[in-house]
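Reading through the structure tokens given below for one structure.
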Amino acid sequence: MTTFPIEKIRADFPILNEKIRNKPLIYLDNAATCQKPLVVIDSISNFYKHEYANVHRGVHTLSVKATDRYEGAREKLKTFINASSTKEIIFVKGTTEAINLVAQTFGKTNIKQGDEILITAMEHHSNIVPWQMLCKDTGAILKVAPINLQGELIFDEFEKLISDKTKLVSVVHMSNALGTINPVKKIIAAAKAKNIPVLLDGAQAIPHMSVDVQALDCDFYAFSGHKMYAPTGIGVLYGKQALLEAMPPYQGGGDMIRKVTFEETEYNALPYKFEAGTPSIADVVGLGTAIDYLTEIGMDNIANYEAELLDYATKKAKQIEGLRIIGEAKDKGAILSFVLDKVHPHDIGTMLDSLGIAIRAGHHCAMPVMDFFEVPATARASFAMYNTRQEIDVLMNGIEQLIEVFG
Amino acid sequence: MFDDLRDLYQEVIFDHNRNPRNFRVMEDADRQVEGFNPLCGDRLTLFLKMDGDQIVDASFQGSGCAISTASVSLMTEIVKGKTEEQAEALFKQFHEMTTGKEENIDLEAIGKLAVLAGVREYPARVKCATLAWHTLDAALKNEESSISTE
């Protein structure tokens with residue numbers, strides 16, 4: 001704990017100086033989206049001030065500069081997740097678009113009537129609905145592997161659901177509602193034994209741990225920039241080159257073509273085949289800066305610091321009478337989802353807000369998870385590397401006080 | 001500690017949250033409508049017993065936050081004995097009080113419901129208070145068996 005440069009990191013985030021309802025902001029809604037360091041904010045601003053033009057277009061100097069920055073960010077992402085080529089880094093709006101892209105291209109080409117897609121019971125709606133839409137279009141069947149009361153995948157049941165009809169396994173790396181980190185290596189090994197491709201929804205995992213797509217041997221990895229200290233509106237679909245090559249384009253337009261006549265169109269090479277239209281250039285530049293920032297701090301250092309924060313918060317939460325933690329997986333990221341006996345999550349949210357504390361109250365876009373635990377909603381404190389034990393103390397004290405008020 | 005919230009969480013609201021009135025299933029209800037707020041998961045079932053166009057009994061079941069529970073509890077108390085027209089007029093007043101212009105609020109007409117006026121300052125909580133009334137509106141219009149705030 002002492003070696004982690006928490007004060008320096010906090011100073012990098014201007015918003016942490018804000019007052020909310022006259023109290024210092026305690027931002028614990030990082031699983032929804034996290035705050036941005038000044039270097040990221042400045043890099044976007046400076047890019048617009050000094051280097052902005054469209055990419056892959058003109059011969060003029062600015063366009064060349066902008067293209068260098070844009071493709072430079074792709075290079076950084078390749079290194080960050082250890083992809084084997086920049087051709088495997090597709091820029092999209094975010095995790096949701098990445099999953100929809102796979103459903104609409106890989107899915108429509110490879111998944112037919114009676115085939116099965118296997119997910120888990122802890123998925124975010126964005127890893128449920130695109131597959132339901134695909135199933136509706138193709139007549140394929142969505143299979144759901146169950147979880148236990150700790151919020152862990154029941155691996156034996158998952159394994160039993162892998163059949164000759166399974167054409168894709170799509171699972172969350174770290175659950176946004178429960179914090180559970182899935183045994184993705186085991187999941188991938190089980191799927192690979194039957195030659196089934198695996199997509200990992202990495203939206204929550206990517207800001208909290210180091211991810212090596214080659215070591216994992218996953219076929220697709222989807223994540224968003226805005227949950228990893230980068231801007232909104234930008235994310236990445238990683239896909240193995242051979243799979244991406246074989247997939248048809250997602251959207252048609254500029255940049256994704258090599259040659260267009262009214263008779264036919266020849267598509268561009270990877271990764272551009274999947275990047276139709278002018279991309280979110282400045283946000284890609286911002287994402288590149290966020291990668292530099294995270295790399296400098298070190299993902300393993302972040303993971304260790306956040307594990308200590310979660311451990312501290314969990315111990316304190318367990319001392320509060322009438323508080324029930326939802327999601328107690330052995331392998332868990334820095335998310336504390338909970339309910340109180342006598343206070344509804346929405347009231348918890350409003351009460352804590354009056355103390356300057358931002359948490360999420362609701363179903364976290366995971367309604368089936370809420371149904372499983374038989375709660376309408378939960379309150380969720382989700383931590384980032386800029387949070388502190390002192391902030392957790394204020395949170396826990398606030399919870400104790402509001403229980404008294406509602407008592 | 002929560003002084004800033006006194007306008008929103010008045011004692012009457014805590015009271016109705018702890019001990020909701022008319023919290024029961026009505027076996028012989030003439031109207032039964034489910035109200036649902038998908039954003040927060042609040043869910044309630046409203047039961048009405050009618051005599052012509054008069055509401056002779058109202059009750060509810062369900063789970064929700066303190067604001068929504070207090071709102072539906074207070075509503076079931078206040079609409080008993082009202083005609084459909086009077087109840088609809090109250091709904092309009094309530095809607096005005098929670099979302100409209102302050103000068104348009106008729107405090108006399110709104111009566112006890114005024115304890116919920118505090119939600120005006122909390123846009124994220126307005127739907128908690130109005131869910132009950134939208135459900136009543138659907139029940140009176142006899143349109144649908146379930147309504148959603150979204």
| task | Using a 1.4 angstrom probe on heavy atoms only, work out the carbon and sulfur share of the accessible area of the protein assembly as shown in %. | result | 49 percent
| task | Project the alpha carbons of segment A:41-296 onto their principal axes and report the range along each, largest first, in whole Å. | result | 58, 50, 27
| task | With unit charges on the beta carbon (Lys/Arg positive, Asp/Glu negative), name the residue among A:ALA381, A:GLY327, A:PHE13 whose Cα is farthest towards the positive pole of the charge dipole of chain A. | result | A:PHE13
| request: Please compute P(r) over all alpha-carbon pairs of segment B:3-141, binned at 10 Å starting from zero, and give each bin as a whole-number percent. | output: 13, 46, 34, 6, 0
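Return the FRET efficiency for the residue pair A:ILE20, A:ALA242: r is the Cβ-Cβ distance, R0 is 35 Å, and the value is rounded to the nearest 0.05. Intermediate results must be reported in sequence, preceding the final value.
Values: r = 49 Å, r/R0 = 1.41.
The calculated FRET efficiency here is 0.10.
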| request: Would you be so kind as to identify which of B:GLN61, B:ALA114, B:ILE147 lies farthest towards the positive end of the dipole of segment B:60-147, taking Lys and Arg as +1 and Asp and Glu as -1 on Cβ and the Cα centre as origin? | output: B:GLN61
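Anything over 19 Å Cα to Cα? Flag those among A:LYS8/A:LYS332; A:LYS192/A:LYS273; A:LYS143/A:LYS167; A:LYS93/A:LYS273; A:LYS108/A:LYS273, in the order listed. Write down the numbers at each step before the final one.
Numbers: A:LYS8/A:LYS332 26 Å; A:LYS192/A:LYS273 27 Å; A:LYS143/A:LYS167 11 Å; A:LYS93/A:LYS273 15 Å; A:LYS108/A:LYS273 17 Å.
Listed pairs above 19 Å: A:LYS8/A:LYS332; A:LYS192/A:LYS273.
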| said: Rounded to whole Å, give me the distance from the Cα center of segment A:275-353 to that of segment A:143-184. | reply: 21 Å
| message | Which residues does the label zone of A:GLU159 cover in segment A:175-205, counting backbone N under 15 Å from a point 7 Å along Cα→Cβ? | response | A:183-194
| request: Calculate the all-directions average of the projected area of segment A:219-328's alpha-carbon convex hull, and give it in nm². | output: 10.5 nm²
| field | Max mean-square fluctuation residue, GNM over chain B, Cα-Cα springs under 10 Å, options B:ALA124, B:ALA66, B:ALA139 | value | B:ALA124
| field | Accessible area buried at the A-B interface, both sides summed, 1.4 Å probe (Å², nearest 100) | value | 1800 Å²
| remark: Among A:GLU296, A:GLU75, A:GLU306, the residue with the largest mean-square fluctuation in a Gaussian network model of chain A built from Cα contacts under 10 Å is A:GLU296
| query | Between segment B:27-67 and segment A:197-233, how many Å separate their Cα centres? | reply | 44 Å
| message | Nothing charged except the Cβ atoms of Lys and Arg (+1) and of Asp and Glu (-1): what's the magnitude of the dipole of segment A:31-165 about its Cα centre? Round to the nearest 20 debye. | response | 640 debye
| Neighbour cut-off at most 10 other Cβ (10 Å), DSSP loop, GluC sites (Glu not before Pro), segment A:318-407 | A:GLU321, A:GLU374
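When the dipole is taken about the Cα centre of segment B:80-150, and only Lys, Arg (+1) and Asp, Glu (-1) are charged at their Cβ, what size is it in debye, to the nearest 20? It would help to have the intermediate numbers written out before the result.
On the way: 9 positive and 13 negative charges, 57 e Å.
Value, rounded to 20: 280 debye.
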| Selected from A:ALA366, B:LEU90, A:ILE90, residue furthest toward positive end of dipole (the protein assembly as shown; charges at beta carbon) | A:ILE90
| task | Calculate the length of the line joining the C-alpha centroid of segment A:15-55 to that of segment A:103-130, in whole Å. | result | 34 Å
| Per residue convex hull volume, Cα atoms of the protein assembly as shown, in Å³ | 191 Å³
| task | List the relative contact order of chain B as a percent without decimals, with contacts defined as Cα pairs under 8 Å and 6+ residues apart. | result | 29 percent
| What longest region of chain B stays clear of trypsin sites (Lys or Arg not before Pro) that DSSP places outside H, G, I, E and B and that have at most 14 other Cβ atoms within 10 Å? | B:25-100
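Pull up the DSSP beta bridges for the protein assembly as shown and report the antiparallel fraction as a percent, rounded to 5. Don't skip to the end; give the middle numbers.
Numbers: 44 of 66 bridges.
So the antiparallel bridges amount to about 65 percent of the total.
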| task | Could you size up the charge dipole of segment A:41-296 around its Cα centre, putting +1 on the beta carbon of Lys and Arg and -1 on that of Asp and Glu, and report it in debye to the nearest 20? | result | 200 debye
| field | Number of partner chain Cβ atoms within 10 Å, mean per residue of A:347-355 | value | 6
| For chain A, calculated [θ]222 nm from helices alone, where every DSSP H run of n ≥ 4 adds -39500 (n - 2.57) | -11000 deg cm²/dmol
| request: Could you work out how far apart the two model spin labels at B:GLU77 and B:GLU102 are, taking each label as a point 7 Å from the Cα in the direction of the beta carbon, and quote it in nm? | output: 2.6 nm
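The values are calculated or read from the model by the stated rules, or taken from the named source; none is laboratory data. Owing to the predicted nature of the structure, the values given are computational and were not obtained by experimental measurement. Backbone-built Cβ (ideal geometry, glycine too); neighbour counts: all protein chains shown. These area figures cover heavy atoms from the full protein model, side chains too; ligands, DNA and RNA do not enter into them. Shrake-Rupley method; radii C 1.70, N 1.55, O 1.52, S 1.80 Å.
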